[in-house]
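Below is one structure, written out as structure tokens; the observations come after it.
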Amino acid sequence: MRLTFVVFTYARCFHALLEGFPDVRVIAHRGASARAPENTLTAFRAALEDGADGVELDARLTADNVVVVLHDDDVSRVSGAAGRVSEMTFEQLRALLVRGSERIPSLTEVLEVVSGRVDVVVEIKGAFGGARAIPGEEVARAVLPMIRDVPRVLVSSFDPGAVAYVRAAAREVPTAITIGGHAGLDETLSLAWNAGHGEIHLPANRVEAGFVARAHESGLGVFAYTVNDQARARELEAIGVDGIFSDDPAGVR
């Protein structure tokens, strides 16, 4: 078992505390989205079939305050229809078809499929465009009561305010900070440690062995996204990452 030299608390790297922790955990990115429409019940069921160690999902808030699972606020990419999640009711969203065949699920529906079976990474998404801006903290406030009793759950976000809310309101719920292509690595490490997060999620092309080592010395896990190539997954394993997010969890094993 890697990282035995680090003393973790549950609110730190929760993946490392799981029984039989393997070298690298494979988290299905928006479900097994390489073979089913992303963030749909079919994609999450496929992730279970493919033996993923966990699933990652995107949580958004509708105009009538229902938490749904969809990556974009703008629904056009997945449905071909016009509109924004933040400006539509749940009933209106349910009338849409994702890639012509699937319905947009609520967070409740997804949790019914995956809870207790795999790790669950809930990424909080806010809305910054359109007529109704929804801060990530508001989405986190709606999500938290739904997940507090879900085993093996972690909350992540690009929005520091969203995960800061979770840290303050429910310290028993593990959290991660997610960064993109421009945030400084050392600054992110400092932010994650000082805020009490357990993991850092970052693009695979930004992973450096030195950064992973420094994160581990601080008791932080490092997860890379999005990795769909088995050879690249092996390279990241050699660098020392704790897990990867993949659209094709079976293919990167």
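Some notes on this structure:
- Per the listing Val150, Val173, Val143, the residue uniquely touching a Ser or Thr at 6+ places or on another chain (Cβ under 6 Å), outside any strand (DSSP E or B) and at pLDDT 95 or above is Val150.
- You will find that of Val163, Val114, Val68, the residue that is surrounded by 15 or more Cβ atoms within 10 Å (Cβ to Cβ), under 20 Å from Val55 (Cβ atoms) and in contact (Cβ under 8 Å) with a residue 40 or more places away in the chain is Val114 and no other.
- Here is the figure for the range 107-161: residues that are over 24 Å from Phe223 (Cβ atoms) and among the β-branched types (Val, Ile, Thr) total 2.
- Qualifying residues in the range 166-201 (those that are within 24 Å of Arg148 (Cβ to Cβ) and among the β-branched types (Val, Ile, Thr)) - the one surrounded by the fewest Cβ atoms within 10 Å (Cβ to Cβ): Val173
- For the criterion of being modelled with pLDDT under 95 and touching a Gly at 6+ places or on another chain (Cβ under 9 Å), Gly100 passes.
The rows are residues; the columns are (1) at positive phi; (2) in contact with a Leu (Cβ under 6 Å, 6 or more places away or on another chain).
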{"site": "Pro174", "(1), (2)": "no, yes"}
{"site": "Thr178", "(1), (2)": "no, no"}
{"site": "Ala183", "(1), (2)": "no, no"}
{"site": "Asp186", "(1), (2)": "no, no"}
{"site": "Leu189", "(1), (2)": "no, no"}
{"site": "Ala192", "(1), (2)": "no, yes"}
{"site": "Gly196", "(1), (2)": "yes, no"}
{"site": "Pro203", "(1), (2)": "no, no"}
{"site": "Glu208", "(1), (2)": "no, no"}
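- Qualifying residues in the range 202-211 (those that are under 19 Å from the mean Cα position of the chain (by Cα) and in a helix (DSSP H, G or I)) - the one surrounded by the fewest Cβ atoms within 10 Å (Cβ to Cβ): Asn205
- If you go through the range 144-155 and pick out every residue that is surrounded by 24 or more Cβ atoms within 10 Å (Cβ to Cβ) and either touching a Leu at 6+ places or on another chain (Cβ under 9 Å) or under 25 Å from Asp64 (Cβ atoms) (or both), you end up with 1.
- Qualifying residues in the range 81-120 (those that are part of a strand (DSSP E or B) and of a type in the set (D, E, K, R)) - the one nearest to Thr40 (Cα to Cα): Glu102
- Val78 closer than 27 Å to Val227 by Cα, in contact (Cβ under 8 Å) with a residue 40 or more places away in the chain and not in a loop (DSSP other than H, G, I, E, B): yes
- Residues that are among the basic types (Lys, Arg), closer than 25 Å to Leu48 by Cβ and either modelled with pLDDT of 95 or more or in contact with a Leu (Cβ under 9 Å, 6 or more places away or on another chain) (or both) within the range 210-253 comprise Arg232, Arg234, listed in sequence order.
The values are calculated or read from the model by the stated rules, or taken from the named source; none is laboratory data. Here the structure is a predicted model, which is why all the values come from computation and not from measurement. Cβ: placed from backbone, ideal geometry, glycine included. Neighbour counts: every protein chain shown.
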